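In what follows, a structure is listed as structure tokens, so that the remarks can point back to it.
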Amino acid sequence: MPRLLVVKSRISAESWEARVEAARRDAEVLGAIAARVDGGETLDGAIRQEVPRSRRSWVIRHLGSYRKEGFEGLIDERVPREPRLAKECGPLIEAAREANPKVTVDEILGILQRQKIQVLPSASTIKTHFRRVDGRRKYAEEKARAEEEIIEEPLAGGELLRAAELETGAIAAMASEVEVIAEEAKQASEGLKPEQDTAHRDKRGHFTVTYNHKRRRKQGVETASYLRTAAEKAEGRVPSWPRFVHERRETLEPKLAMLTYAPLVSRTKGWDALRATEAAGLQPLTGFAYMPSTLSKMTSALAISGAGPRLLEAVGKNWHRVAEEKWEEPGAMAALYVDNQVKAVWSSLFTKSGKVSRLNRVMPCITNTFVQTGAGTPLLASVQSGTAPLAPRLVELVKEAEEELEGEVRRAVVIDAEGSTFGILEEFTKQERVIVTPLRPARAPSLQLKYSRGSYFRPYRENDELRIASAILTHKETRRSLEVGVLVIRREHRESDTVLLTTGLSLGMEGRDLADLYFARWPIQENAFKKWEAVGMDQHRGNSGRMVANIAVVTELEKLESRAKVEKEELRQLSAAKPPLEEKLNRQRSEHRRAVDALATRRRRLDALVAEGRMEGKQLGRAAVEHQEAMKRAETAKRSLDTAEKASKKNDERTIKLDAQLAKLTAQRAKFEQQRFVRQLDVELDRVLTAAKLTCALLITFVLREYLCAMPMTPHTFVSRILGVRGRRELRPGLEQIVFYENPRDPEVNAVLANACQRLNQRRLTRDGRKLRYKMATADGRPLD
């Protein structure tokens with residue numbers, strides 16, 4: 001037994017053997033007594049038969065040990081004072097206890113024996129060391145409980161976004177780019193001191209009535225000072241003027257995090273939406289719930305500093321890295337999906353406009369152009385005021401995107417029908433680039449397809465068929481021709497075939513692969529545009545702009561001016577022709593009147609001769625001839641008069657019509673003159689906000705793909721059912737535990753969150769030197785069984 005090992009290590013071999021021998025002798029006596037008792041005798045009777053009366057108490061004291069442990073229970077365990085060597089085993093005993101708080105004395109003795117310790121400590125000594133270790137542990141636990149911090153989180157679902165940020169570094173990438181911009185500003189401002197905006201403020205720095213009055217638009221000035229563009233506001237400023245230039249990263253990251261998560265709780269447009277109660281729930285996620293004015297100043301400063309394009313580039317590069325690490329694309333079949341997202345700008349001012357498909361109307365708008373990889377990551381985003389056709393910029397957009405990718409793979413470009421122009425297809429053919437684009441419906445009837453021998457419709461996807469052909473495109477003006485590949489897809493749920501033009505067939509790619517790239521555009525890009533509405537990507541913030549010539553209105557004014565010039569010349573000619581026409585009309589009237597009078601005279605003379613009965617003779621014949629000639633002159637005069645009246649009437653009617661048209665043209669010109677200049681929205685602020693919104697959207701995408709994959713959902717579902725889950729954060733030394741409270745109304749989400757906790761715990765994440773653990777709790781915060 002382990003405790004006998006201690007005795008054996010403390011005494012000499014002779015003493016040990018003597019104790020063992022004595023124990024064996026005692027065992028024979030106790031064995032005989034035990035046999036009698038087992039045979040039915042009483043204990044007292046068996047004792048009287050086997051030992052003297054004086055040994056009775058000895059038998060009663062040791063019989064139990066003998067029955068339980070045999071003769072070893074009878075060995076004398078008395079030992080001398082514990083030697084120093086045994087006491088020095090204390091560190092080893094304490095180390096074992098710290099490693100296993102439930103280790104026993106016997107297990108410790110076994111460990112010491114395996115370590116070949118010659119003199120073993122006693123059980124009391126081991127228990128003394130146990131008490132020391134347990135005391136230290138208890139003290140540490142009490143101290144940890146004193147240092148423990150519990151933070152209630154009304155938006156505990158946002159902890160999933162924080163975990164995604166920990167793995168992807170999305171917000172950190174923006175913060176790093178801002179730090180680079182700040183460092184560049186400091187270097188460019190060396191030796192210069194920014195001018196403080198202290199004029200017309202009170203002692204506390206607040207705006208005064210005079211300050212606001214100074215900002216109003218002056219008479220004759222097109223735009224108020226506070227509505228100037230970011231570029232105009234940057235003129236004359238020292239580059240280091242913004243506050244963010246002098247802030248530490250510990251301050252920048254919470255502000256950018258607040259800017260990123262803000263769309264999740266902003267239910268209305270504008271910064272003041274962050275004054276709602278829900279916005280305070282972001283404090284546990286961001287570290288500080290910044291007020292709208294703080295965020296507004298920061299984004300305005302970033303916009304004036306020209307940070308928008310650089311932030312968009314930083315977001316694209318970082319997320320491309322994440323996509324390659326987590327969701328690797330097939331190398332040779334990698335794709336770039338190019339399209340515009342047009343968002344409405346509700347403005348009463350005459351502003352550059354375009355077709356907003358979501359609202360099916362032409363109105364003031366901003367156009368975001370996205371180039372996305374096959375993994376759905378936006379690499380390049382341009383923001384422009386009004387409409388921005390893709391065709392003139394497509395080749396440059398693709399080149400810029402591939403430069404950002406910094407890879408050797410030349411990617412297939414997928415675009416909507418806007419890419420089916422002769423110039424784009426010709427350029428891609430010359431550069432031996434792959435493009436897939438649907439044919440414009442208006443050109444489909446005139447396209448002559450050429451099928452190779454053995455070509456027929458083959459099964460493609462479920463209930464669809466695919467056929468490969470080629471076609472010759474002809475440029476309308478230069479009559480240049482170009483041969484392109486054609487994919488004809490017969491779809492069961494459509495009456496007409498889908499026709500895709502591509503340059504990939506001539507470069508050795510398979511028709512099925514090219515069709516797959518095209519149809520992958522909807523889940524990768526088109527659906528992304530709809531999903532991103534959950535973070536406000538369809539909203540515009542900022543009203544700054546500059547007045548530019550409205551080309552459409554100027555062109556219309558030129559047309560009106562040309563028409564007015566022609567009509568004025570015609571009116572002048574009509575006015576010049578009117579007096580001769582009136583003079584001719586009066587002359588024709590006189591001639592007609594004389595002809596009528598002469599005819600009446602000749603008719604009376606002829607009637608008189610007839611009445612007298614003079615039916616024969618020269619006089620009657622002469623009267624008849626004169627009457628006939630008078631009738632001819634009267635008819636000729638009548639026709640001339642009608643012609644003159646018609647010409648005069650036509651002149652008058654045309655004059656009246658031209659006067660009315662000129663009055664209408666004058667009114668139209670007056671109306672268009674007010675629109676000769678149109679407001680071009682400044683998109684610098686929108687670029688900064690777009691970078692933050694993209695980061696938020698992609699963080700949600702990461703969460704949905706990596707943590708919440710047990711239940712397919714959209715970002716809208718995440719915001720409505722996951723983000724608002726309540727919970728708490730428990731901070732302890734070396735441990736940060738996130739606890740999600742169950743929602744009794746949504747058992748499905750509870751199961752998904754439980755699965756997400758398992759996935760997150762398997763990733764062994766750490767933050768600020770603490771291990772991260774995730775778990776579920778009941779609705780009232782109690783641990784689950």
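The values are calculated or read from the model by the stated rules, or taken from the named source; none is laboratory data. In this text, all values refer to a predicted model and were calculated from it rather than measured experimentally. Note that each Cβ is placed from the backbone with ideal geometry, even for glycine, and that neighbours are counted across all protein chains shown. Areas reflect the complete protein model, heavy atoms only, side chains present, ligands, DNA and RNA absent. Shrake-Rupley method; radii C 1.70, N 1.55, O 1.52, S 1.80 Å.
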* Evaluate region 400-421: report whether one residue or more is β-branched (Val, Ile, Thr), within 22 Å of GLY511 (Cβ to Cβ), open to solvent by less than 30 Å² (accessible area, probe 1.4 Å) and assigned to a helix (DSSP H, G or I). => no
* Specify the residue that is modelled with the lowest pLDDT; the eligible residues are those in region 299-335 that are in contact with a Gly (Cβ under 8 Å, 6 or more places away or on another chain) and under 16 Å from LEU380 (Cβ atoms). => ALA334
* **helices (runs of 4 or more DSSP H) wholly inside region 140-221 that include at least 2 residues being over 20 Å from the mean Cα position of the chain (by Cα)** => 170-188, 209-214
* **Answer from PHE672, PHE718, PHE740 - the residue that is assigned to a strand (DSSP E or B) and in contact with a helix residue (DSSP H, G or I) (Cβ under 8 Å, 6 or more places away or on another chain)** => PHE740
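Residue check: is LEU698 open to solvent by less than 60 Å² (accessible area, probe 1.4 Å), at pLDDT 90 or above, touching a strand residue (DSSP E or B) at 6+ places or on another chain (Cβ under 9 Å) and not charged (D, E, K, R)?
Working: open to solvent by less than 60 Å² (accessible area, probe 1.4 Å): yes; at pLDDT 90 or above: yes; touching a strand residue (DSSP E or B) at 6+ places or on another chain (Cβ under 9 Å): yes; not charged (D, E, K, R): yes.
Taking the combined requirement at face value, the residue satisfies it.
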* Looking at region 422-473, which of its residues are within 23 Å of SER496 (Cβ to Cβ) and among the β-branched types (Val, Ile, Thr)? -> ILE435, VAL436, THR437, ILE468, ILE472
* Could you tell me whether any residue of region 559-571 is farther than 30 Å from LYS632 by Cα, open to solvent by 70 Å² or more (accessible area, probe 1.4 Å) and acidic (Asp, Glu)? => yes
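In region 703-710, is there at least one residue being under 30 Å from SER385 (Cβ atoms), at pLDDT below 90 and not aromatic (Phe, Trp, Tyr)? Outline the logic, then answer.
As a first pass, look at region 703-710 and keep what is under 30 Å from SER385 (Cβ atoms): none.
No, there is no match, as no residue in region 703-710 is under 30 Å from SER385 (Cβ atoms), at pLDDT below 90 and not aromatic (Phe, Trp, Tyr).
At pLDDT below 90 and part of a helix (DSSP H, G or I): is that true of GLN628 in this structure? Write out each step before concluding.
Values: at pLDDT below 90: yes; part of a helix (DSSP H, G or I): yes.
In short, yes.
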* **Selection status of ILE126, open to solvent by less than 80 Å² (accessible area, probe 1.4 Å) and in a strand (DSSP E or B)** => no
